[in-house]
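Student: My structure is below; once you've seen it, I'll send some questions.
The values are calculated or read from the model by the stated rules, or taken from the named source; none is laboratory data. The structure displayed is predicted, hence computed values, not measured ones. When we count neighbours, we look across all protein chains shown, and the Cβ atoms used for this are built from the backbone with ideal geometry, even at glycine.
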Amino acid sequence: MRGFLSLVLISVLVATPTASAAPQKIEVKALKLVATISSKDDVAGFVLSARSIILFGTAMNRSFVRAVDLNAQELWRIALEPNSPSIATTGAVDSAGNIWIAGSTSLLRSTIAPTPTSSPLNPDGVVNIPNSFNPALDAVALWKIPVGTTTAILYSAVQSAPVLITGIALDKNGISLVGLTQSIKGSSGFVINANTAGEFSKPLLIGTSSTTLDAVVRHDDATLTVVGASGESLGGKKTVGTVDGVIIKISKSNTVQSVVRSSAPKAQRNWSSASPKLLLGGDVITGAKIESAVTKFSSAYSPLWTYRFSSTGPVFTLGSTYALFFSTAAITQLSNKAPQKPAPILLAFDAKGLITKAFSTSVEVRNIIGLSTNKELGIICMTSSPDSLSIFVLG
């Protein structure tokens, strides 16, 4: 009997996989190319509105918006600010379907001509035309395209220095924009809020010499999370690396409530994207080594899980699940070999931070334009090559 039990025990042990067995590598699936758009315009990004893909950017110093369907057929195109220099740099769609595009512009404003002290000679009868506008992009521009229309309404707020808007977040209570503005010593992080009627609050400037903000999240308690990079002390927190990635909480009263800095000595870091679920993406540059950092944070800004991938270029995050970036080396958890040249890869993570899916493409790609989703179109990735844009869905 003892011999029989021993044989049963041995057979169970042989048949049971050990805890140290290597996990199965994840197959990298192909992103499905659904359309290619010929374009030489400077497309800054896109948003999704029902079954339309809304592209925005700048062409010949003029901002534009164009809508295409999933087959890349153009539905409409408009100039946002046809009479003044402007740039369109970020966008969002609200729950009602209104399209909001943000950027910078130069507003027309009259100038007082100086009183002449004498009558100069003017044999040719040339009429001097006074300068009627400031060419500097020193006004925040927020364009609303109401649902069902192709007419843009401009809301603006003139600033004391040129401003670049890099991120937008909106909800039923209002809109928040972040970016950077020129300062005497360099650049300051820039935060400004507006209501849906286009009325702006006083801007909040963060830092005085080397701070930029790239993304913003609005919370239900009316606080903000803004992320970016800084090479100066903020909120009593000194720099750790050459430039640190920063996570800043802004109170309901529009003041800095807390600052969390990255902790990589001698590195240049930033957080360039942030989803409402606080999945952050950014760059880590240490010497010649470039990596993409993807980190899920708690509401208290404690890291729940994190990755660093050999990469180049920006990182885009979506929800608590997806990150898109240029991969330059093999990823341990995936079955594919190291790319011969930088290739876009889209990773999906579960609640514990484990990689569950991976997607890539063999199509020539120079830049990643963005990553977005809605219920009608699903997850959309967009990339660019020298003369065209490519639209991908998950295969």
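Student: Do we have any residue at all in the range 95-110 that's more than 30 Å from Thr361 (Cβ to Cβ), at pLDDT below 80 and either part of a loop (DSSP other than H, G, I, E, B) or within 20 Å of the chain's Cα centre (by Cα) (or both)?
Tutor: Yes, the range 95-110 has at least one match.
Student: What are the pairs with Cβ atoms under 7 angstrom where one residue, in the range 331-348, is free of Cβ contacts under 8 Å to residues at least 12 places away in the same chain and the other, located anywhere, is in a loop (DSSP other than H, G, I, E, B)? Sequence gap at least six, or different chains.
Tutor: Lys337/Ala330; Ala338/Ala329; Ala338/Ala330
Student: Restricting attention to the range 341-359, report how many residues are under 16 Å from Val294 (Cβ atoms) and either buried (at least 21 other Cβ atoms within 10 Å of the Cβ) or in contact with a Ser or Thr (Cβ under 7 Å, 6 or more places away or on another chain) (or both).
Tutor: Total meeting the criteria: 8.
Student: Look through Thr312, Thr321, Thr295 and report the one residue that is in contact (Cβ under 8 Å) with a residue 12 or more places away in the chain and closer than 18 Å to Asn367 by Cα.
Tutor: One residue alone meets the criteria, Thr312.
Student: Of the numbered conditions (1) in a strand (DSSP E or B); (2) more than 24 Å from Lys277 (Cβ to Cβ); (3) β-branched (Val, Ile, Thr), Val240 fails exactly one; give the number of that condition.
Tutor: Against the list (1) in a strand (DSSP E or B); (2) more than 24 Å from Lys277 (Cβ to Cβ); (3) β-branched (Val, Ile, Thr), Val240 comes up short only on (1).
Student: Okay, moving on. Just a yes or no: is a residue in the range 284-301 among the hydrophobic types (A, V, I, L, M, F, W, C), surrounded by fewer than 20 Cβ atoms within 10 Å (Cβ to Cβ) and in a loop (DSSP other than H, G, I, E, B)?
Tutor: Yes, the range 284-301 contains a residue that is among the hydrophobic types (A, V, I, L, M, F, W, C), surrounded by fewer than 20 Cβ atoms within 10 Å (Cβ to Cβ) and in a loop (DSSP other than H, G, I, E, B).
Student: Looking only at the range 71-88, which residues are aliphatic (A, V, I, L, M) and over 11 Å from Ile37 (Cβ atoms)?
Tutor: Leu75, Ile78, Ala79, Leu80, Ile87, Ala88
Student: Also, quick follow-up: Please note which strands (runs of 3 or more DSSP E) are completely contained in the range 304-366 and include at least 1 residues that are under 22 Å from Asp214 (Cβ atoms).
Tutor: So the answer is 322-327, 343-349.
Student: Give just the number: which of (1) aliphatic (A, V, I, L, M); (2) surrounded by fewer than 19 Cβ atoms within 10 Å (Cβ to Cβ); (3) in contact with a Leu (Cβ under 9 Å, 6 or more places away or on another chain) does Ala330 not satisfy?
Tutor: In the conditions (1) aliphatic (A, V, I, L, M); (2) surrounded by fewer than 19 Cβ atoms within 10 Å (Cβ to Cβ); (3) in contact with a Leu (Cβ under 9 Å, 6 or more places away or on another chain), Ala330 misses (3) alone.
Student: With (1) free of Cβ contacts under 8 Å to residues at least 60 places away in the same chain; (2) of a type in the set (S, T, N, Q); (3) over 23 Å from Arg218 (Cα atoms) as the list, and Thr306 as the residue in question, which single condition is left unmet?
Tutor: (3)
Student: With respect to the numbered conditions (1) surrounded by fewer than 22 Cβ atoms within 10 Å (Cβ to Cβ); (2) touching a residue at least 24 places away in the same chain (Cβ under 8 Å), which one is the sole condition not fulfilled by Leu213?
Tutor: With (1) surrounded by fewer than 22 Cβ atoms within 10 Å (Cβ to Cβ); (2) touching a residue at least 24 places away in the same chain (Cβ under 8 Å) applied to Leu213, the lone miss is (1).
Student: Sticking with this structure for a sec: Which residue is surrounded by the most Cβ atoms within 10 Å (Cβ to Cβ), if the candidates are limited to the range 367-378 and must be part of a strand (DSSP E or B) and not hydroxyl-bearing (Ser, Thr, Tyr)?
Tutor: Only one residue fits best here, namely Leu371.
Student: Sticking with this one: When you scan the range 24-90 for strands (runs of 3 or more DSSP E) that lie fully inside it, which ones turn up with 3 or more residues that are touching a strand residue (DSSP E or B) at 6+ places or on another chain (Cβ under 7 Å), touching a residue at least 40 places away in the same chain (Cβ under 8 Å) and closer than 22 Å to Pro314 by Cβ?
Tutor: Counting at least 3 such residues, we get 28-38, 42-49, 52-59.
Student: Now for a separate question. Return the residue satisfying two criteria in turn: it lies in the range 147-161 and is over 14 Å from Ile78 (Cβ atoms) and hydroxyl-bearing (Ser, Thr, Tyr), and of such residues it is modelled with the lowest pLDDT.
Tutor: Looking at the filtered set, the residue picked out is Ser160.
Student: Every residue in the range 354-386 that is without any contact (Cβ under 8 Å) to a residue 60 or more places away in the chain and within 20 Å of Ala329 (Cα to Cα), please.
Tutor: Passing the criteria: Leu354, Glu364, Val365, Arg366, Asn367, Ile368, Thr383.
Conditions (1) within 20 Å of the chain's Cα centre (by Cα); (2) closer than 21 Å to Val315 by Cα, marked per residue:
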{"position": "Gly198", "(1), (2)": "no, no"}
{"position": "Gly207", "(1), (2)": "no, no"}
{"position": "Asp220", "(1), (2)": "no, no"}
{"position": "Ala229", "(1), (2)": "yes, yes"}
{"position": "Gly235", "(1), (2)": "no, no"}
{"position": "Lys249", "(1), (2)": "yes, no"}
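Student: If I ask for residues that are part of a strand (DSSP E or B) and under 16 Å from Phe56 (Cα atoms), which ones from the range 141-188 would you list?
Tutor: Correct list: Ala141, Leu142, Trp143, Lys144, Ile145, Ile153, Leu154, Leu164, Ile165, Thr166, Gly167, Ile168.
Student: Being modelled with pLDDT of 95 or more and closer than 20 Å to Ala141 by Cα narrows it down to one residue among Val243, Val259, Val178; which is it?
Tutor: Going through Val243, Val259, Val178 in turn, just one is modelled with pLDDT of 95 or more and closer than 20 Å to Ala141 by Cα: Val178.
Student: Further, regarding this structure: Please go through the range 306-316 and give me each residue that is surrounded by 14 or more Cβ atoms within 10 Å (Cβ to Cβ) and modelled with pLDDT of 95 or more, ordered by number.
Tutor: Hits for the range 306-316 are Tyr307, Phe309, Ser310, Ser311, Val315, Phe316.
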